[in-house]
Amino acid sequence: MAIAHILGFPRIGKQRELKFALESFWRGETDQAALQDTGRTLRTRHWAVQSQAGLDFVTVGDFAWYDHVLGTLALLGAIPSRFKFDRQHLSLSDYFLLARGSSEHFAMEMTKWFDTNYHYLVPEWTSDVQFDGGVDWLFDEFAEAQALGHRAKLVLVGPLTLLYMGKIKSGISHKLDLLPRVIVGYQKLLERLKKCGVEWVQIDEPILALDLDAAWRDAFVPTYAALTPTAPPVLLATYFDEVIAHVGLLRDLPVAGVHLDLVRGAGQLDTFIKDWPQDRILSAGIVDGRNIWRTDLDKVLPILTSLHRSLGNRLWIAPSCSLLHVPVDLSTETALNKELKSWLAFACQKLDEIVLLKQALNGEISVNDLPFEEARAALALRRNSPRIQNGYVQKRLQSISRQQAERGAEFNIRIVKQQAKWNLPAFPTTTIGSFPQTAEIRQVRAAFKSGAIGHVEYLDKMREEIRFVVRKQEALGLDVLVHGEPERNDMVEYFGEQLWGYGFTANGWVQSYGSRCVKPPFIYGDVYRPEAMTVSWSEFAQSLTGKPMKGMLTGPVTMLQWSFVRDDQPREITALQIALALRDEVCDLEKAGIGMIQIDEPAFREGLPLKARDWPHYLDWAVHAFKISAAGVKDETQIHTHMCYSEFNDILPWIAAMDADVITIETSRSDMELLDGFGQFSYPNDIGPGVYDIHAPRVPQVAEMQRLLQKARGVIPDARLWVNPDCGLKTRGWPETEAALSNMVLAARGLRLEGGNK
Ligand code: GLN
Ligand code: ZN
């Protein structure tokens with residue numbers, strides 16, 4: 001009999017109950033008991049969904065009040081020592097202080113979990129960090145599940161992944177120096193779990209999907225040899241990519257079973273199955289945990305059938321990774337087009353798929369029974385749907401030439417023409433696009449969407465806001481202006497809603513960090529731009545001022561990266577379709593007299609595959625897609641781009657290859673660390689390294705920004721250097737925005753007086 005399980009379930013709740021409970025607790029409107037209640041209700045509900053679906057285990061340990069990496073630290077007592085909290089008796093409020101900071105302590109750093117859009121809190125490794133025990137929350141949750149009569153499997157972040165994902169703060173030279181302590185901590189924890197009667201523990205080691213150097217690889221066998229003898233049976237979980245390089249290692253590990261991602265790593269199965277140990281469980285991650293499409297059961301069933309023949313009850317069936325990365329329940333999407341809806345599967349629906357597959361293998365259901373027939377019909381509908389194919393797009397795609405990706409002249413010639421046209425001062429100042437999105441603006445947008453106000457009132461209000469933002473920028477003395485983006489709720493959604501081929505959900509929320517969720521659109525068909533998307537806004541904004549007004553678009557890679565993408569064609573084809581749509585928009589903006597156009601690519605870096613050998617292919621198509629979107633304009637038209645959220649040193653040559661005339665890029669948060677990369681590589685075009693962080697209301701001083709600019713001048717020629725904040729200002733309030741920008745303009749003027757020359 002095959003077994004069905006999942007690696008983890010979304011914790012946020014199908015109506016984002018956890019989000020609202022957390023935020024009201026943080027505002028002081030509800031007490032801890034109320035928050036605890038919501039947590040318990042959600043866990044209870046999620047376990048019930050799992051057991052009612054027919055899974056053999058419910059998964060315990062995937063719940064977290066903020067983040068599961070922080071939860072693991074709290075469990076081990078390994079919270080950052082600078083907080084001086086009582087590790088064994090950490091209160092929920094202290095736990096939130098770790099995540100969110102206070103006036104006394106800055107918050108723990110947050111960064112993306114592998115190549116997902118989920119952010120985890122980065123462990124802080126110091127010589128005095130301990131692992132000898134922390135809070136009992138996980139034990140309480142296990143007891144809760146038992147009391148409800150569930151058969152539970154526990155999940156933990158693995159010791160090596162935990163160590164690897166942290167950052168050295170002080171006192172140690174290599175993260176592995178902490179390993180002996182970590183092992184003792186996990187030993188203690190696992191022994192205790194065994195005593196509590198835990199039947200199975202799933203230990204997640206996704207770092208096995210990365211390019212691991214020998215030191216990390218070699219640490220696995222001794223670590224697990226030390227842990228497993230006194231632990232419950234261990235299922236070691238790998239995911240997010242194939243782990244073929246570790247096939248020998250995984251065979252040697254003294255664990256009871258291994259989970260493989262057979263969606264991202266479909267090709268690895270044969271290698272693994274060849275000499276799979278007789279007594280070893282294999283968990284087949286066959287349902288996509290990273291995307292929202294219905295599984296092609298007829299395609300995966302033969303694979304599982306052959307596995308089942310050789311493994312029997314040692315075959316477990318699962319999604320490829322935790323379902324944390326997909327929305328909770330499709331059944332709440334009552335407004336979604338029926339046909340589109342029939343193609344999708346969210347977390348709850350994926351449970352059903354897993355169970356169906358198990359039942360088919362175990363002979364409890366026939367592949368001719370209704371659920372299979374229904375799935376088949378939906379897939380056939382999708383395959384043949386006229387909603388997907390767009391002959392115009394496909395024809396155009398075929399005729400794209402490399403030539404179309406190139407501007408008329410090279411940068412040196414373009415920039416002279418651009419400078420002659422605009423005559424900007426040295427160290428030109430600009431911003432990244434959005435200005436504070438006040439409650440009023442959001443209300444107007446919501447009222448328009450709900451039909452409470454009509455088109456003309458909406459247009460008037462938005463134009464009023466644009467006029468206001470333009471006047472402010474002129475008063476501040478900025479050189480290159482923006483319209484402020486009041487009409488946009490989200491930089492991807494705004495464009496997706498106007499493009500064909502994009503679908504939207506009402507409730508498809510996915511946790512991004514803490515209480516924050518995102519609702520990514522999904523791309524189901526060929527992407528096509530039926531008409532101009534931004535031209536009238538930009539044209540209006542430009543009409544208000546003699547200064548250059550930047551048009552503002554979201555780039556093809558970001559449009560792709562922040563959406564659920566088609567699984568029926570390679571990502572690069574979809575990226576190219578989006579690029580063509582944007583190219584038309586760029587050309588329309590130019591025709592309408594917009595001479596500077598910014599194409600934002602904040603997600604460019606995060607699209608990088610996990611393994612370095614896959615980088616060149618990605619970078620090649622990503623750069624190409626950007627260039628296709630940008631290159632349709634005259635030499636005089638200045639193309640800007642913007643990047644943030646990551647460090648970019650290792651991909652500078654590709655950023656240069658995008659050939660934007662100007663890039664504005666986040667650097668102030670890392671004290672211009674980016675510039676280190678300029679030692680080996682001199683960036684050829686204009687660049688504006690962000691001079692202040694926009695993530696906090698703090699107003700930076702003139703001298704502070706000048707210090708950063710001086711640092712930048714060490715490696716960037718004066719003639720190439722722009723002055724701008726790190727990112728858009730939409731989350732800021734007006735008072736700090738004005739103060740900060742006024743200081744920024746003063747900083748630039750100061751440099752000009754010193755004689756910087758353009
Ligand atoms: N133009 C966008 C803005 O200013 C860019 C946002 C981003 O980089 N994430 O809001
Ligand atoms: Zn940004």
Task: Cβ-defined net charge surrounding R732, 12 Å radius [Lys, Arg +1; Asp, Glu -1] - done: -2
Open item on the list: Given the whole protein assembly as supplied and a 1.4 Å probe, what does the accessible area of K449 come to in Å², nearest 10?
Closed with: 140 Å²
- [ ] Sort H617, H105 by accessible area with a 1.4 Å probe, largest first.
- [x] H617, H105
Open item on the list: What is the sum of charges, Lys and Arg at +1 and Asp and Glu at -1, for the other residues whose Cβ falls under 9 Å from the Cβ of K547?
Closed with: -2
Open item on the list: Using the Cα centre of the chain as origin and beta-carbon charges of +1 (Lys, Arg) and -1 (Asp, Glu), tell me which of L7, L589, T438 is placed farthest towards the positive end of the dipole.
Closed with: L589
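So for the chain: antiparallel DSSP bridges make up what percent, rounded to the nearest 5?
15 percent
If each DSSP helix of 4+ residues adds -39,500 (n - 2.57) and the sum is divided by the residues in the chain, what number results at 222 nm, nearest 500 deg cm²/dmol?
Details: 26 runs with 309 residues, N = 758.
Helix-only estimate at 222 nm: -12500 deg cm²/dmol.
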Task: Listed residue (G133, G171, M559) projecting farthest to the positive dipole end of the chain, Cβ model - done: M559
Open item on the list: Just to confirm, what accessible area per residue do you get for the range 718-758 at 1.4 Å probe, in whole Å²?
Closed with: 37 Å²
Task: Dipole magnitude of the range 256-407 about its Cα centre (Cβ charges: Lys, Arg +1; Asp, Glu -1), debye to nearest 20 - done: 740 debye
- [ ] Give me the distance between the Cα centres of the range 179-247 and the range 1-65, rounded to whole Å.
- [x] 25 Å
TODO: Take the alpha carbon atoms of the chain, find their radius of gyration, then divide it by 2.2 N^0.38 Å using N residues; give the quotient.
DONE: 0.98
Open item on the list: Once neighbouring chains are kept in place and the probe is 1.4 Å, which whole percent of the accessible area of the chain is contributed by carbon and sulfur?
Closed with: 52 percent
Open item on the list: Quick check for me: using +1 on Lys/Arg Cβ and -1 on Asp/Glu Cβ, what's the dipole size of the range 692-758 about its Cα centre, in debye to the nearest 20?
Closed with: 180 debye
- [ ] Please work out how much accessible surface E590 shows to a 1.4 Å probe, ignoring ligands, DNA and RNA, in Å² rounded to 10.
- [x] 40 Å²
Open item on the list: Compute the angle between helix 615-630 and the longest alpha-carbon principal axis of the chain, please, reported from 0 to 90 degrees and rounded to the nearest 10.
Closed with: 40 degrees
- [ ] Compute the whole-percent fraction of alpha carbon pairs in the range 579-669 spaced more than 17 Å apart.
- [x] 49 percent
TODO: At 1.4 Å probe size, with no ligands or nucleic acids counted, give the accessible surface of L330 in Å², nearest ten.
DONE: 10 Å²
Open item on the list: Can you tally the net charge around Y618? Count Lys and Arg as +1, Asp and Glu as -1, for every other residue whose Cβ sits under 12 Å from the Cβ of Y618.
Closed with: -1
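Please give the charge dipole size of the chain, origin at the Cα centre, charges +1 on K and R Cβ atoms and -1 on D and E Cβ atoms. Round to the nearest 20 debye. Each step should come with its number before you reach the end.
Numbers: 82 positive and 94 negative charges, 98 e Å.
Result for the chain is approximately 460 debye, rounded to the nearest 20.
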Task: Those lysines that a straight Cα-Cα span of less than 22 Å connects to K395, excepting residues fewer than 8 apart in one chain - done: K627
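Relative contact order, percent, of the range 147-208 when contacts are C-alpha pairs under 8 Å separated by at least 6 residues?
62 percent
So for the range 229-379: antiparallel DSSP bridges make up what percent, rounded to the nearest 5?
Numbers: 1 of 14 bridges.
Within the range 229-379, antiparallel bridges account for around 5 percent of the total.
Order 682-688, 168-174 from most to least packed using the mean count of other Cβ atoms within 10 Å. It would help to have the intermediate numbers written out before the result.
Numbers: 682-688: 20.3, 168-174: 12.7.
Order by mean packing, descending: 682-688, 168-174.
The values are calculated or read from the model by the stated rules, or taken from the named source; none is laboratory data. It should be emphasised that the depicted structure is a prediction, and the values quoted were computed from it without experimental measurement. All Cβ positions, glycine included, derive from the backbone under ideal geometry; neighbour counts span all protein chains shown. To get the accessible areas, we keep the full protein, side chains included, count just its heavy atoms, and leave off ligands, DNA and RNA. Shrake-Rupley method; radii C 1.70, N 1.55, O 1.52, S 1.80 Å.
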